[in-house]
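Chemist: Attaching a single structure in structure tokens format; questions to follow.
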Amino acid sequence: TGSTRPQRILRAVQKNSTRGSPCSVVNAIDDYCKHKEWAMNVGDEKGIIVDDVVLELKPITVLELGTYCAYSTVRIANLLPPEAKLITLEFNAESAAIAREIITWAGLEEKIQLIIGASGDWIPRLKEEFGIETFDLVFLDHWKDRYLPDTKLLEKCGLLKPGAVLLADNVICPGTPDYLDYVRNSPRYKSKFYRSHLEYTQEEDGLEHSVFLGMAGRGAE
Ligand SMILES: O=C(NC/C=C/[C@H]1O[C@@H](n2cnc3cncnc32)[C@H](O)[C@@H]1O)c1cc([N+](=O)[O-])cc(O)c1O
Ligand SMILES: [Mg+2]
């Protein structure tokens, strides 16, 4: 039986990057996916926008929904302050196994907690099981029809405090229309769109950056 795409990405990382160097891991994945085989990483162009958001926000607690091969996991964790922690949820066991290898290769296992399971099941358990109060940053990059239900679940579970940022990938391609409609029209969020391109292509895409204002929302300001 042949290898899977995540296995080929791991091999490219082990072949073309340096252990303990997150930057070289990120570059090796981008090189592989740009020149050999496309994969659904946030990629280098949108990745720069993610970097800027993380460096500006300096989040201490980060939640990522949809680890896949841990490209964005490594990219974000590499920029976090020393005491910060990133929790990433992935329900596909094969992807999670590859992601864990890539996280370890990058030397970031202390900063990253990879949980194998579905966001809908795990979000309600994070306070209890991981002593999380609230998240400063949530990176949404999982199934696009889960962005809205999981955002409402985060609100319901009290996991967002005013000032928390939701950063959502693929709001144009493949698109997340119900999520966009919600964050752009709810008084609970101040939302802005960062125009970019679908990873490793010229297709239109972008990231939506939404600041949580609180459950009451402040109405129209
Ligand atoms: O479909 C896309 N992403 C879905 C990502 C899915 C990944 O998140 C996990 N997951 C899903 N719901 C989950 C719930 N809980 C945990 N893991 C979950 C899946 O097991 C998969 O590893 C996508 C597609 C394109 N594209 O051009 O087609 C481009 C992109 O950048 C994309 O992100
Ligand atoms: Mg994506």
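Chemist: Say we look at the range 107-132 and pick out the residues that are closer than 15 Å to Glu83 by Cα and open to solvent by 70 Å² or more (accessible area, probe 1.4 Å); which of these is nearest to the chain's Cα centre (by Cα)?
Modeler: Going through the qualifying residues, I end up with Gln113.
Chemist: Does Ile60 satisfy being over 17 Å from Ala168 (Cα atoms), surrounded by fewer than 23 Cβ atoms within 10 Å (Cβ to Cβ), of a type in the set (A, V, I, L, M) and more than 11 Å from ligand 2 (Cβ to nearest atom)?
Modeler: Details: over 17 Å from Ala168 (Cα atoms): yes; surrounded by fewer than 23 Cβ atoms within 10 Å (Cβ to Cβ): yes; of a type in the set (A, V, I, L, M): yes; more than 11 Å from ligand 2 (Cβ to nearest atom): yes.
Yes; evaluated as a whole, the condition is true for this residue.
One line per residue, one yes/no per condition, for (1) in contact with a Gly (Cβ under 7 Å, 6 or more places away or on another chain); (2) part of a strand (DSSP E or B):
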residue: Leu63; (1), (2): no, yes
residue: Arg75; (1), (2): yes, no
residue: Pro81; (1), (2): no, no
residue: Leu86; (1), (2): no, yes
residue: Ile98; (1), (2): no, no
residue: Leu108; (1), (2): no, no
residue: Trp122; (1), (2): no, no
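Chemist: Only one of these conditions is not met by Thr104: (1) open to solvent by less than 40 Å² (accessible area, probe 1.4 Å); (2) more than 14 Å from Val62 (Cα to Cα); (3) polar (S, T, N, Q). Which number is it?
Modeler: (1)
Chemist: Then there is this: Can you go through Thr176, Thr151 and tell me which one is farther than 30 Å from Lys36 by Cβ, crowded, with 20+ Cβ neighbours inside 10 Å and within 14 Å of ligand 1 (Cβ to nearest atom)?
Modeler: Thr151
Chemist: Then there's this: Identify the single condition in (1) assigned to a helix (DSSP H, G or I); (2) under 28 Å from Lys152 (Cα atoms); (3) open to solvent by 40 Å² or more (accessible area, probe 1.4 Å); (4) within 16 Å of ligand 1 (Cβ to nearest atom) that Glu45 does not satisfy, given that it satisfies every other one.
Modeler: Only one criterion is unmet by Glu45, namely (2).
Chemist: Looking at Val138, Val165, which one is open to solvent by less than 30 Å² (accessible area, probe 1.4 Å), within 13 Å of the chain's Cα centre (by Cα) and within 15 Å of ligand 1 (Cβ to nearest atom)?
Modeler: Val138
Chemist: Any idea which residue in the range 63-91 is farthest from Trp38 (Cα to Cα), counting only those that are within 16 Å of ligand 2 (Cβ to nearest atom) and among the polar types (S, T, N, Q)?
Modeler: Thr88
The values are calculated or read from the model by the stated rules, or taken from the named source; none is laboratory data. None of the values given here were measured: they were computed from a predicted structure. When we count neighbours, we look across all protein chains shown, and the Cβ atoms used for this are built from the backbone with ideal geometry, even at glycine. Heads up: the accessible areas ignore ligands, DNA and RNA and are worked out on the full protein's heavy atoms, side chains in. Shrake-Rupley method; radii C 1.70, N 1.55, O 1.52, S 1.80 Å.
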